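Read through the structure below, which is laid out as structure tokens, and then see the notes.
Taken together, the values in this text are just the output of simple stated rules run on the coordinates, not laboratory data. Here the structure is a predicted model, which is why all the values come from computation and not from measurement. Cβ placement follows ideal geometry from the backbone for every residue including glycine, while neighbour counts extend to all protein chains displayed.
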Amino acid sequence: MSRQLATFVLDGAHYGVDVLHVQEALRSQVRTPVPVAPPGIAGLVNLRGQVVLTVDLRVRLGLEPLAPDAEPMMVVVQVDGEPVSLLVDEIGDVIDVEDSQFETPPDTLDGGLRDVVVGAYKLDRGLLLALDVDAATAA
């Protein structure tokens, strides 16, 4: 069986989320900070009148922060029926993957990533890590 994944890049690694979870991908928006928010919560954005929580995936996954002059992109996903914005380095393509390409997370995966990556797809150009959006957005 095949499925479609929306892909993005974070610190040089390629990730994918099921397109059924993705609402849209766009340039980063102005964020309003949330006082006393846990690490990884980058703030709130106003998307066409809807207030959306923004999660910085670099912080959530224990990666180095993006360079101050770099502009992140946003992937807006649905979590429990609500939109949540994920900050990523760059947006990729929507690709088709087969279940036969899927494997459990590699043993070399860092502990923080193990909590949010459900597995990996072996592609011709390398591994595509399948992100669990529910786990990645949990505080």
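Ranking of 8, 102 by neighbouring Cβ atoms within 10 Å, starting from the fewest: 102, 8. What the phi angles of the stretch 33-41 give under the Karplus curve with 6.51, -1.76 and 1.60, with θ = phi - 60°, is a coupling list of x, 10, x, 6, 6, x, x, x, 8 Hz, glycine and proline written as x. For the stretch 12-69, how big is Rg over Rh, using alpha carbon atoms and the Kirkwood form of Rh? Answer for the stretch 12-69: 0.97.
When each of the peptides 86-93, 41-48, 68-75 is scored by how many other beta carbons lie within 10 Å of its residues on average, the order from highest to lowest is 86-93, 41-48, 68-75. Each principal axis of the Cα cloud of the stretch 73-138 was evaluated for its coordinate range; sorted largest first, these ranges are 32, 27, 22 Å.
Between residue 104 and residue 1, the contour length at 0.36 nm per residue exceeds the Cα-Cα span by 35.4 nm. All distinct Cα pairs of the chain go into the 1/r average, and the inverse of that average, the Kirkwood radius, is 15.3 Å.
By the compact-protein rule of thumb, 2.2 N^0.38 Å, the alpha-carbon radius of gyration of the stretch 40-102 corresponds to a ratio of 1.30. Label-to-label distance for residue 37 and residue 18 is 2.6 nm, based on points extended 7 Å past Cα in the beta-carbon direction. Here the relative contact order of the stretch 2-137, from alpha carbon pairs under 8 Å that lie six or more residues apart, stands at 28 percent.
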